[in-house]
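Beneath this line is the structure, given in C-alpha cells, with notes to follow.
The values are calculated or read from the model by the stated rules, or taken from the named source; none is laboratory data. Model, not experiment: these values are computed from the prediction. Cβ: placed from backbone, ideal geometry, glycine included. Neighbour counts: every protein chain shown.
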Amino acid sequence: MNLELGPLKPEPVPLGLGLALFLLVLWVLGRHLLPRIERVQAERWEATEGRMERAEALQAEADAVQDAHLRELAEARHEAARIRADYAERGAAAIAAARAEGLRARDALLATGRAHIAADRATAADLLRQDVGELAIALAGRVIGEPVHDVAARRRTVARFFETNQPSQQDSSATSFR
C-alpha cells in the first residue's frame, strides 16, 4: 500500500485497529442502543402526539354522535310539533262540534221555552179575561145596583168585547221574548 498522504502517514496496524473498533461501536449502537432510542422516541411520540391524534379521533366521534343526537332531537321536535298541530286541529274540531251542539241545544231550549211562554201567556190571558169579565160584571152590578150576571151571560157581552178588542200583532211583538 503506497499511499502518498504527505506528512500524514498512517500506520497500518493502528488504522486497522481503529477501523475494527469503529465497526464494533457501530455494531453495539445498531444492536442495543438504537432500538432503545427508537423505543423511547416512540413512547414520547405516543405520549404527546399520539394522544392528540386519539383525542382528535375521539372528538370527531363525539361530534358525529352529537350530530346524530341533534338530528334525532330535531326529528323529535318536528314530530312533537306535528302531534301538537294534529291535536290542536282535533281540539278545534271538538270545540266547533261542542259549540254547534250547544247552539242546537240552546235553540231547542229557546224554542221549548218560547212555546211554554206562549202557552202560559195564552193561559194567563184567558184567565185574565175571565177575571176581568167577572170583575166588570161585578162592577156593573154594583154600579146599577142589581146583579147582571144572567144578562151578561145571555148576551155574551164580555166575550164580544174581548173579540173586538184583540191586541194587535204589533203590541204582541213588542212584548214577545227573544
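Out of Val143, Val151, one residue alone is on the phi < 0 side of the Ramachandran plot, at pLDDT below 95 and surrounded by 10 or more Cβ atoms within 10 Å (Cβ to Cβ). It is Val151.
Table: residues versus (1) touching a helix residue (DSSP H, G or I) at 6+ places or on another chain (Cβ under 7 Å); (2) more than 30 Å from Phe162 (Cα to Cα); (3) modelled with pLDDT of 95 or more.
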site	(1), (2), (3)
Ala55	no, yes, no
Leu73	no, yes, yes
Arg77	no, yes, yes
Arg121	no, no, no
Asp126	no, no, no
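Looking across Ile37, Ile95, Ile117, one residue alone is of a type outside the set (Asp, Glu), assigned to a helix (DSSP H, G or I), on the phi < 0 side of the Ramachandran plot and touching a residue at least 12 places away in the same chain (Cβ under 8 Å). It is Ile117. Of the residues making up the range 137-146, one or more are more than 20 Å from Glu163 (Cα to Cα) and either touching a residue at least 12 places away in the same chain (Cβ under 8 Å) or not in a helix (DSSP H, G or I) (or both).
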